[in-house]
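A.B. asks: Next up is a structure, given as structure tokens.
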Number of protein chains: 2
Amino acid sequence: MIVVLAGGVGAARFLQGLIQVVPQERLTVIVNTGDDRDFYGLHVSPDIDIVMYTLSGIVDETHGWGIRNDTYNTMQQLTSYGNEDWFMLGDRDLATHIHRTKLLRQGKTLSEITDELRKQFGLTLRILPMSDQNVRTHIQTPAGLLHFQEYMVKRRCVDPVLDVVFAGASEASTAPGVLDAIKEAEAILIAPSNPIVSIGSILAIPGIHDALHEASGMVVAISPIVGGAPIKGPADKLMLGLKMDVSPVGVARYYRDFLDVMVIDQQDKHLIGAIEDLGIPAVATNTIMRDSAAKKALAQKVLEVAGLG
Amino acid sequence: MIVVLAGGVGAARFLQGLIQVVPQERLTVIVNTGDDRDFYGLHVSPDIDIVMYTLSGIVDETHGWGIRNDTYNTMQQLTSYGNEDWFMLGDRDLATHIHRTKLLRQGKTLSEITDELRKQFGLTLRILPMSDQNVRTHIQTPAGLLHFQEYMVKRRCVDPVLDVVFAGASEASTAPGVLDAIKEAEAILIAPSNPIVSIGSILAIPGIHDALHEASGMVVAISPIVGGAPIKGPADKLMLGLKMDVSPVGVARYYRDFLDVMVIDQQDKHLIGAIEDLGIPAVATNTIMRDSAAKKALAQKVLEVAGLG
């Protein structure tokens, strides 16, 4: 079993490569739910949906989220009733949130619902939310504490980041299967996701950090920072706010307690020495997943680095 | 103030005529909510929506319900998750149910939500649900007790009707304003709606029957049965099941405790004598609302009969 710690778009694209070289049945993906939020009373789990939509081939590739060729009629009507309109939810996408919310209200857990949905999408890998409890990533800014989606989508990352808070994390427990999966994994791959708000939120759930530290499988991370900037999203702003180096070195330092190997882009190979100074071996390869072949090649390289090549 | 007791399509069309001859501000509509049902965890109030959509001009005129040119993408996706698909809910229409459900969960009453929505639709008449509590119209059939929507929409009225039960009605109370509106009305008009499941459900809420009986305003009903059959819907099957005459006479008998005048279609004028034998004066006119002019003419006639012409 191979475990992948995952956020949204970057992780989903990495997983598209991984399922080309490893049978889905061998994969367990532990997904960030710190970005989850209620919209219109419906529970939206953006990263879980991005992973499911991407792997089942229905994702809107242009955005990296949502369903291809979706319409926005429900949202337009909701807006006419005075509802907020800054988080785009397509009509087909809304079905996922309506269905999930219905099942949550019936008493099912997010894990159970996610497992039902991934089956309905024809996926045979295991997708586990990091926790079945509410953990909410908040960004401390001069304007106050903002839910991550408000910081990123509503206010377009313009607020200076003072701190990142994973509200509810310390009282949350990992979803069923999460700690066992890490413990039993042949390798644990940290996807090229935002280290703070996608992976940091997972690390904030009690037990995960220790499980990674004690894991017998190798822990291999792929840097989401290439050439001094993230491929997508506000990782640089968040890392700067937390006084981290916006570089693969900063990422490696953030993961150093449990990281066995850091995979970085070839254009950052001059940083190998700095990462190895942290006591972490580093490998440079092409990490930019432009197409299916590049995704597959990256997955192969990462598996090789993890001793499973 | 004029009060109208209303179901769905027939009532909405009658109201389209009425607002041509009376300022909306003078109207209070008391709407059946016995047909309400949860779909996908969302609260659907079909008759309230039909009235709002019709009077605001967005209704799908072909069906008489739903929003014109709506799409069905959310529902199609919901169906792919194994949800039932027999009650058509368009994407724009779903926004109403999502919004209503969100506000109900926030603790608002159906009355408060309906009042907010009708304002958002630019309507200035008062729309009151019959009750803020759940009252559910069930049809007793050989196949068991069916929710009215299951009887009508899912099973297309094929089951023999043994009885009609308004579950929860005896414990429910009228929504705020309902009894006062009836008490203070210059006239109470009973729309040409299904006497059993649209009007009977309203009559089943404690206090309504007595308020109508004691009302100082005239109570005038328009027969939904013309030429021995309803214009739309299963009123005939329900009336037969309850051993009623499927005729304006049967309707008049059902309302006889509080009815002052029965308005019937001109093709049924031979029944005037039979209705008057019940002690209820009857007036024949054209009640078939083919177009806007016919709706207006019917409204004018009914007001005249009610002494407000």
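Please treat every number below as a calculation from the coordinates, not as lab data. Small disclaimer: the values here were computed from a predicted structure and weren't measured. Glycine also receives a Cβ, built like all others from the backbone with ideal geometry; neighbour counts cover every protein chain displayed.
A.B. asks: Please report how far the C-alpha centroid of region A:113-148 lies from that of region B:251-273, rounded to the nearest whole angstrom.
C.D. replies: Using only Cα atoms, the two centres lie 61 Å from each other.
A.B. asks: What residue among B:ALA211, B:ALA95, B:ALA299 has the largest mean-square fluctuation in a Gaussian network model of chain B, using Cα springs under 10 Å?
C.D. replies: Among B:ALA211, B:ALA95, B:ALA299, the largest GNM mean-square fluctuation belongs to B:ALA95.
A.B. asks: Would you report the distance distribution of C-alpha pairs in the protein assembly as shown as whole percents per 10 angstrom bin, up to the bin with the largest distance?
C.D. replies: 3, 15, 22, 18, 12, 11, 9, 6, 3, 0, 0
A.B. asks: To make sure I understand the rule: partners must be aspartates and glutamates, Cα under 19 Å from the Cα of B:LYS183, and not fewer than 8 residues away in the same chain. Which ones qualify?
C.D. replies: The reachable aspartates and glutamates, counting only those whose Cα sits under 19 Å from B:LYS183, are B:GLU25, B:ASP210, B:GLU214, B:ASP257, B:ASP260.
A.B. asks: GNM on chain B, C-alpha springs below 10 Å: top fluctuator among B:PRO176, B:PRO129, B:PRO195?
C.D. replies: The residue with the greatest mean-square fluctuation here is B:PRO176.
A.B. asks: What translational diffusion coefficient, in µm²/s and rounded to a whole number, does the Stokes-Einstein relation yield for region A:245-309 at 20 °C and a viscosity of 1.002 mPa s, taking the hydrodynamic radius as the Kirkwood radius over Cα pairs?
C.D. replies: Answer from the Stokes-Einstein relation: 177 µm²/s.
A.B. asks: Along Cα→Cβ, 7 Å out, is where each label goes; now give me the distance between the ones at A:THR109 and B:ARG290 in nm to one decimal.
C.D. replies: 6.5 nm
A.B. asks: Moving on to the next point. Per residue of region A:150-160, in order, report the coupling 6.51 cos²θ - 1.76 cosθ + 1.60 (Karplus, θ = phi - 60°) as ³J(HN,Hα) in whole Hz, putting x for Gly and Pro.
C.D. replies: Once θ is set to phi - 60°, the couplings for region A:150-160 become 5, 4, 7, 8, 6, 9, 6, 6, 7, 7, x Hz.
A.B. asks: Now, a different point. Taking 0.36 nm per intervening residue step and subtracting the Cα-Cα distance, what contour gain separates B:ARG256 from B:SER170 on full extension?
C.D. replies: Extra length available between B:ARG256 and B:SER170 comes to 28.9 nm.
A.B. asks: What are the ³J(HN,Hα) couplings of region B:173-190, residue after residue, when phi is run through the Karplus curve with 6.51, -1.76, 1.60 and θ = phi - 60°? Round to Hz, x for glycine and proline.
C.D. replies: Couplings: 10, 5, 5, x, x, 5, 5, 4, 4, 5, 4, 8, 5, 6, 7, 10, 9, 9 Hz.
A.B. asks: Could you tell me which chymotrypsin sites (Phe, Trp or Tyr not before Pro) in region A:28-103 are loop residues by DSSP with no more than 13 other beta carbons within 10 angstrom of their beta carbon?
C.D. replies: Those satisfying the criteria are A:TRP86.
A.B. asks: For peptide A:97-104, how many partner chain Cβ atoms fall within 10 Å of a residue's Cβ, on average?
C.D. replies: Mean number of neighbouring Cβ atoms from other chains: 5.
A.B. asks: Return the long-range amide H neighbours of B:ILE127 (sequence gap of 5 or more, or a different chain), with a cut-off of under 5 Å between placed amide H atoms.
C.D. replies: Amide H to amide H, under 5 Å and 5 or more residues apart or across chains, B:ILE127 pairs with B:VAL29.
A.B. asks: Summing Lys, Arg as +1 and Asp, Glu as -1, what charge do residues with Cβ under 9 Å from the Cβ of B:THR71 carry, B:THR71 excluded?
C.D. replies: -2
A.B. asks: What residues have an amide H closer than 5 Å to that of A:VAL283, excluding those fewer than 5 places away on the same chain, when H is modeled at 1.01 Å from N in the peptide plane?
C.D. replies: HN-HN under 5 Å from A:VAL283: A:MET262, A:VAL263, A:ILE264.
A.B. asks: Applying a 10 Å radius around every beta-carbon, put A:280-286, B:20-26 in order of their mean neighbour count, most first.
C.D. replies: The packing order, highest mean first, is A:280-286, B:20-26.
A.B. asks: Grab the alpha carbons of chain A, take their convex hull, and tell me the volume per residue in Å³.
C.D. replies: Dividing the Cα hull volume of chain A by its residue count gives 120 Å³.
A.B. asks: Are there trypsin sites (Lys or Arg not before Pro) in region A:93-202 that DSSP marks as loop and that have at most 14 other Cβ atoms within 10 Å, and which are they?
C.D. replies: Sites meeting the loop and neighbour criteria: A:ARG156.
A.B. asks: Each residue of region A:238-243 in order: what ³J(HN,Hα) in whole Hz does its phi give by Karplus 6.51 cos²θ - 1.76 cosθ + 1.60, θ = phi - 60°, with x for Gly and Pro?
C.D. replies: Values, residue by residue: 5, 5, 4, x, 9, 6 Hz.
A.B. asks: Could I ask something else about it? Can you tally the net charge around B:VAL22? Count Lys and Arg as +1, Asp and Glu as -1, for every other residue whose Cβ sits under 11 Å from the Cβ of B:VAL22.
C.D. replies: My count for the surroundings of B:VAL22 gives 0.
A.B. asks: Could you compute the net charge surrounding A:GLY8? Neighbours are other residues with a C-beta less than 12 Å from the C-beta of A:GLY8; K and R count +1, D and E count -1.
C.D. replies: -2
A.B. asks: If you draw the axis that swings chain B onto chain A, which residue of B has its Cβ closest to it, and how far is that in whole Å?
C.D. replies: Nearest Cβ to the rotation axis, residue and whole-Å distance: B:ASP91, 2.
A.B. asks: So what's the back-of-envelope 222 nm ellipticity for chain B, counting only DSSP H runs of four-plus at -39500 (n - 2.57) apiece and dividing by all residues, rounded to 500?
C.D. replies: Result for chain B: -10000 deg cm²/dmol, rounded to the nearest 500.
A.B. asks: Moving on. Amide H neighbours of B:VAL164 under 5 Å, counting only residues 5+ apart in sequence or on other chains, H built in-plane at 1.01 Å?
C.D. replies: Those lying under 5 Å, H to H, from B:VAL164 are B:GLN140.
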